[in-house]
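Input: a single structure, listed below in structure tokens.
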Amino acid sequence: MSDPITNDSRADRMSDAAYDSDLDDTTMDFDSRPTQEDDTYHGEEEDEENEDDTAPLTVLTTGTTSPLTTMTLTQIALLPEYPQTSVNGYTFCVHVDPKRATPELVLQDALQFQYCRKQKGPAKRTSSQFLGGQAMRYRYECTGVKRCEYLDNSLATLSHTHVTSETWEQMRNSRLNIYRTERDERKKKSTSLYSAVTGRFHSGIACPNQKVSCAPVLRQMRHQTVPGIRPWYIGCASWSWQTANTERHFYRAVGDKYNVEYLQNPFENGLPHELEQRDTCGVVLSTRTKLKDCDVDHPQGKGKLVRVLCGVTFNIIIPFDLQECPYYLFTSHGIH
């Protein structure tokens, strides 16, 4: 559309800032909630999207063949954490804080949104009649997410153009079996371990040749180790010394990351219904995670993290003269 900047030092600094930013690929925070501002555009977007396909578009940048256009445009004081998107373009015209009216700081502010992304090529100079002059254009692409292979189907098939309170509620309900009200990490992991082990026994896959009498039991080793402790483990009720050499049964050590005292209660009394583990999962992580597997113990074993791509594109247009035009444009095309 336009030529790359080669000699403009200010443009070079802005380009470097974009490439060096730690926010180029950020984490989706499922524990946050949309602000009130996030919910103020829904009606407008629906009205715009219901227009005839031949309705005039708003041209954001000039170009001889493919100028950047948008179907919907709204003015706002602060960019939402999860900006709306549209196949035909959804654009926010964002007011610039006078105290941060430099190209570098404006770009920092524009990159505070939560969707994971990567930059598509270098920044380019462009002309924006909408902003009244020359500007820099930065292009980004949503990199999607990494999610557990056992992700609940309601989340696995979820697509959206904007995040609503219903979206957050759906995510919350799918993650109740993982992120409970219990804040103690060792207790939370202990509940997850118990659910995973009992799930394997119920499925008949805990012991190599599982029998009806096979059931999980929490036990402590008979003798102390050299450091002077008696470790705990989860074994099978069918194991005995008489058959130790002929039958193989389930065994798992209970390490320090689990709370044994807390774990004893579910083994004796079972779990309350609201804490029972389901076969499906609710883990959705940033594409930056180095994890290969889901960190939740499932009845069917650890789940692989699967990369799910997204084709949404973001454009940030920042005018050179922010004193004359104290606004920047953030536009999004596609469906997450």
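The values are calculated or read from the model by the stated rules, or taken from the named source; none is laboratory data. Note that the structure is predicted; figures quoted are calculated from it, not measured. A quick note on method: Cβ atoms are made from the backbone with ideal geometry, for glycine too, and the neighbour counts reach across all protein chains shown.
Name every residue in the range 154-166 that is small (Gly, Ala, Ser) and not in a helix (DSSP H, G or I), in order of residue number. Outline the logic, then answer.
The initial filter retains those residues of the range 154-166 that are small (Gly, Ala, Ser), namely 154, 156, 159, 165.
Matches in the range 154-166: SER159 only.
Test GLN112 against the criterion of being assigned by TED's automatic domain parsing to the domain that holds THR85, farther than 15 Å from VAL284 by Cα, touching a Phe, Trp or Tyr at 6+ places or on another chain (Cβ under 7 Å) and in contact (Cβ under 8 Å) with a residue 24 or more places away in the chain, and give yes or no. Let's see the steps before the verdict.
Working: assigned by TED's automatic domain parsing to the domain that holds THR85: yes; farther than 15 Å from VAL284 by Cα: yes; touching a Phe, Trp or Tyr at 6+ places or on another chain (Cβ under 7 Å): no; in contact (Cβ under 8 Å) with a residue 24 or more places away in the chain: yes.
No.
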Of all residues making up the range 133-153, the number that are within 24 Å of the chain's Cα centre (by Cα) and either part of a strand (DSSP E or B) or at pLDDT 95 or above (or both): 10
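Out of the residues in the range 277-293 that are loosely packed, with under 15 Cβ neighbours inside 10 Å and part of a loop (DSSP other than H, G, I, E, B), state the one that is modelled with the highest pLDDT. First the steps, then the outcome.
We begin by selecting, within the range 277-293, every residue loosely packed, with under 15 Cβ neighbours inside 10 Å; these are 279, 288-293.
This time we only want the ones that are part of a loop (DSSP other than H, G, I, E, B), so: 279, 288-292.
Details: ASP279: 63, ARG288: 84, THR289: 86, LYS290: 86, LEU291: 86, LYS292: 89.
The qualifying residue modelled with the highest pLDDT is LYS292.
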Segments classed as strands (runs of 3 or more DSSP E), wholly inside the range 59-132, with at least 1 members that are surrounded by 18 or more Cβ atoms within 10 Å (Cβ to Cβ) and under 28 Å from the mean Cα position of the chain (by Cα): 72-76, 90-95, 117-119
List every residue pair whose Cβ atoms lie under 8 Å apart, where the two residues are 6 or more positions apart in sequence or sit on different chains, the first residue falls within the range 193-221 and is assigned to a loop (DSSP other than H, G, I, E, B), and the second residue, located anywhere, is of a type in the set (Val, Ile, Thr) and surrounded by 13 or more Cβ atoms within 10 Å (Cβ to Cβ). ALA206/VAL197
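For (1) in contact with an Asp or Glu (Cβ under 9 Å, 6 or more places away or on another chain); (2) at pLDDT 90 or above; (3) in a loop (DSSP other than H, G, I, E, B); (4) of a type in the set (S, T, N, Q), each residue gets a yes or a no:
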{"site": "ASP295", "(1), (2), (3), (4)": "no, no, yes, no"}
{"site": "PRO299", "(1), (2), (3), (4)": "yes, no, yes, no"}
{"site": "LYS302", "(1), (2), (3), (4)": "yes, no, yes, no"}
{"site": "ILE317", "(1), (2), (3), (4)": "no, yes, no, no"}
{"site": "LEU322", "(1), (2), (3), (4)": "no, yes, yes, no"}
{"site": "SER332", "(1), (2), (3), (4)": "no, yes, no, yes"}
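Considering only residues of the range 133-163 that are of a type in the set (Ser, Thr, Tyr) and surrounded by fewer than 16 Cβ atoms within 10 Å (Cβ to Cβ), which is nearest to ASN315 (Cα to Cα)? Before the answer, list the steps.
Going residue by residue through the range 133-163, those that are of a type in the set (Ser, Thr, Tyr) are 138, 140, 143, 150, 154, 157, 159, 161.
Then drop every residue that is not surrounded by fewer than 16 Cβ atoms within 10 Å (Cβ to Cβ), which leaves 154, 157, 159.
On the way: SER154: 30, THR157: 26, SER159: 21 Å.
So the residue we want is SER159.
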Output yes when any residue across the range 98-105 is touching a His at 6+ places or on another chain (Cβ under 7 Å) and either touching a residue at least 12 places away in the same chain (Cβ under 8 Å) or not aromatic (Phe, Trp, Tyr) (or both), and no when none is. no
